[in-house]
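> Structure incoming, see below.
The values are calculated or read from the model by the stated rules, or taken from the named source; none is laboratory data. Model, not experiment: these values are computed from the prediction. For neighbour counting, all protein chains shown are included, and Cβ atoms are generated from backbone atoms with ideal geometry for every residue, glycine included. Remember, those area values only see protein heavy atoms, side chains included, never the ligands or the DNA or RNA. Shrake-Rupley method; radii C 1.70, N 1.55, O 1.52, S 1.80 Å.
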Amino acid sequence: MPLRLIFMGTPDFAVPTLLALADHGHEIAAVYTRAPKPAGRGMKLQATPVEQAARQLGIPVLTPKTLRTPEEEAEFRSHNADAAVVVAYGMILPQNILDAVPLGCFNLHGSLLPRWRGAAPIQRAIMTGDAESGVMVMKMDAGLDTGDVAMAERLPITDAMTAQDLHDALAPLGADLMVRAMGGLSRGGLQLTKQSEQGVTYAAKIDKAEARIHWTKSAHEVLRHIHGLSPFPGAWFEIAIDGEPVRIKVLRCELAKGSGAPGDVLDDRLTIACGDGAIRILDLQRAGKPPMKAEAFLNGTPLKPPARVS
């Protein structure tokens, strides 16, 4: 039996879930998303990916600045929805909104709760060296990702995965999971399990100050740091080119053989020594330039020992 749902989401990650719910016959009464923001060279207002998808589906879109006013609560209730689905909405739902739909609000979260509650679970899982990640459907309560869990799917994290890779793998996995969860909810058979009090960690929002690469760390730590911040904000180092320091973002790398003082360039293929071991840079982006392969960069900027990066 299809449900009447309110969908709340903002970025690309949320779009597959919106499309899947609509495709499986659920009635999306309204979509809530963040207001358009200036973007691009012309700084024109650009609707969020979720708003763009919703308008293609012909679903009404709302972009309130807050949900904490009586007027917004009344608007929310006026949709007469059975439940709300929340995917990376970017705004905290107050208790009166959580209580405004009879079956509750259900969040799709990109981690294996209670690990990595909070804003940046995908990036933090990679940066910390986790062996796996996943998605969970949680019935929301007033806490930060503390609600009871309904369903979960797990996914291994390989050393080759960037945050973008993991994001792109988890988004469709989460869409399928939420469709199954809403199916169970509609049949009255969705089972909820309290989160463990053990293993709680918090995925703080990524600060650009974290992005500089520290070559004194082990090669594996450097690789996971780079991949966890790729493509945004991008882990970076500086190197002298024509006597001037130039910032280089590293977007993808691999573990490599070799050793030396941290930051030493070990060969002519952009192999860089770390505190223990070395990495080889595969994809990078020079400040003000588009992303490129390391080979293309080296064609214009040959680097070899005894060059150093910092």
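> Would you work out if the range 61-128 is rounded, prolate or oblate? Take a ≥ b ≥ c from the square roots of the eigenvalues of the alpha-carbon gyration tensor; rounded if a/c is under 1.5, else prolate when a/b is larger than b/c, oblate otherwise.
In terms of gyration-tensor shape, prolate.
> Right, another one. Which length gain, in nm to one decimal place, applies between Ala131 and Glu210 when the Cα-Cα distance is subtracted from 0.36 nm times their residue separation? Please list the in-between numbers first.
Working: separation 79, 0.36 × 79 = 28.44 nm, distance 2.17 nm.
Result: 26.3 nm gained on full extension.
> For the range 54-98, what is the convex hull volume of its Cα atoms per residue in Å³? Let's see the in-between values first.
Details: hull volume 4.3 nm³, N = 45.
So the per-residue Cα hull volume is 96 Å³.
> Lysines near Lys208 by alpha-carbon distance under 18 Å, same-chain residues fewer than 8 away left out - which ones?
Answer for Lys208, where 18 Å is the Cα cut-off: Lys249, listed by chain and number.
> Dipole size in debye (nearest 20) for the range 49-115 around its Cα centre, Lys and Arg Cβ +1, Asp and Glu Cβ -1?
260 debye
> Any idea of the accessible area per residue across the chain, 1.4 Å probe, to the nearest Å²? Could the numbers behind the result be given before it?
Details: 15030 Å² over 310 residues.
Heavy-atom SASA per residue in the chain reads 48 Å².
> In sequence order, what are the phi-derived ³J(HN,Hα) couplings for the range 177-182 according to the Karplus relation 6.51 cos²θ - 1.76 cosθ + 1.60 with θ = phi - 60°, rounded to whole Hz, with x for glycine and proline?
Per-residue couplings from phi come out as 5, 5, 4, 5, 5, 5 Hz.
> For the range 8-148, just say rounded, prolate or oblate: build the C-alpha gyration tensor, square-root its eigenvalues into a ≥ b ≥ c, call rounded for a/c under 1.5, and beyond that prolate if a/b exceeds b/c, oblate if not.
Since a/c reaches 1.5 but b/c is at least a/b, the shape of the range 8-148 is classed as oblate.
> Under a Cβ-Cβ cut-off of 10 Å, what is the net charge of the residues other than Gln285 that fall near it, where Lys and Arg count +1 and Asp and Glu count -1?
Working: positive: Arg247, Lys249, Arg286, Lys289; negative: Asp283.
Residues near Gln285 contribute +3 overall.
> In the chain, carbon and sulfur make up what percent of the accessible area (probe 1.4 Å)?
The computed percentage sits at 53.
> Can you give me the Cα centroid spacing of the range 98-148 and the range 169-236 in angstrom?
9 Å
> How far apart, in nanometres, would the label points at Ala296 and Asp268 be if each is projected 7 angstrom from Cα along the Cα-to-Cβ direction?
My value for the distance between the label points is 2.1 nm.
> Largest first, what is the accessible-area ranking of Ser310, Ser218 with a 1.4 Å probe?
Largest to smallest exposure gives the sequence Ser310, Ser218.
> Given 37 °C and 0.692 mPa s, compute D for the range 226-310 with the Stokes-Einstein relation, Rh being the Kirkwood radius over Cα pairs; round to the nearest whole µm²/s. Walk me through the numbers on the way to the answer.
Details: Rh = 12.7 Å.
Here the translational diffusion coefficient equals 258 µm²/s.
> Just name one of Asn299, Gly129, Ile59: the one whose Cα is farthest towards the positive end of the charge dipole of the chain (beta-carbon charges, Lys/Arg +1, Asp/Glu -1).
Farthest towards the positive end: Asn299.
> Given the -39500 (n - 2.57) contribution per DSSP H run of 4+ residues, what per-residue ellipticity at 222 nm results for the chain, rounded to the nearest 500 deg cm²/dmol?
Values: 8 runs with 79 residues, N = 310.
So the calculated ellipticity at 222 nm is -7500 deg cm²/dmol.
> Something else about it: How high is the FRET efficiency between Thr63 and Ala152 when r is their beta carbon distance and R₀ equals 22 Å, given to the nearest 0.05?
0.10
> To the nearest 20 Debye, how big is the dipole of the range 126-185 about its Cα centre, given +1 on the beta carbon of each Lys and Arg and -1 on that of each Asp and Glu? Each step should come with its number before you reach the end.
Details: 3 positive and 10 negative charges, 46 e Å.
Roughly 220 debye for the range 126-185.
> Treating the beta-carbon of each Lys and Arg as +1 and of each Asp and Glu as -1, no other charges, what is the dipole magnitude of the chain about its Cα centre, to the nearest 20 debye? Mind showing how you got there, number by number?
On the way: 33 positive and 34 negative charges, 116 e Å.
Using only the charged Cβ atoms, the result is roughly 560 debye.
> Can I ask one more? Roughly speaking, what is the centre-to-centre gap between the range 1-53 and the range 259-277 when only Cα atoms are used, to the nearest Å?
45 Å
> Could you work out the pair-distance distribution P(r) of the range 181-279 from its alpha-carbon pairs, with 5 angstrom bin width and percents rounded to whole numbers?
2, 12, 16, 17, 13, 8, 6, 6, 6, 5, 4, 3, 1, 0
> OK, next. Lys257: which lysines have alpha carbons under 21 Å from its alpha carbon, excluding same-chain residues fewer than 8 sequence positions away?
Partners within reach: Lys217, Lys293, Lys304.
> If I take the Cα coordinates of the chain and project them onto the principal axes, what are the three extents in Å, biggest first?
So the three principal-axis extents are 68, 47, 32 Å.
> Counting alpha carbon pairs within less than 8 Å and at least 6 residues apart, what relative contact order, in whole percent, applies to the range 112-235?
38 percent
> Only Cα pairs under 8 Å and at least 6 apart count here; give the relative contact order of the range 60-101 as a rounded whole percent.
In percent, rounded to a whole number, it is 49.
> As an exercise, use a Förster radius of 30 Å and the Cβ-Cβ distance of Leu144 and Gln46 to find the FRET efficiency, rounded to the nearest 0.05.
Plugging the Cβ-Cβ distance into 1/(1 + (r/R0)^6) gives 0.60.
> Oh, and also: When Rg is the radius of gyration of the Cα atoms in the range 123-175 and Rh is its Kirkwood radius, what does Rg/Rh come to?
Reported Rg/Rh (Cα atoms, Kirkwood Rh): 1.01.
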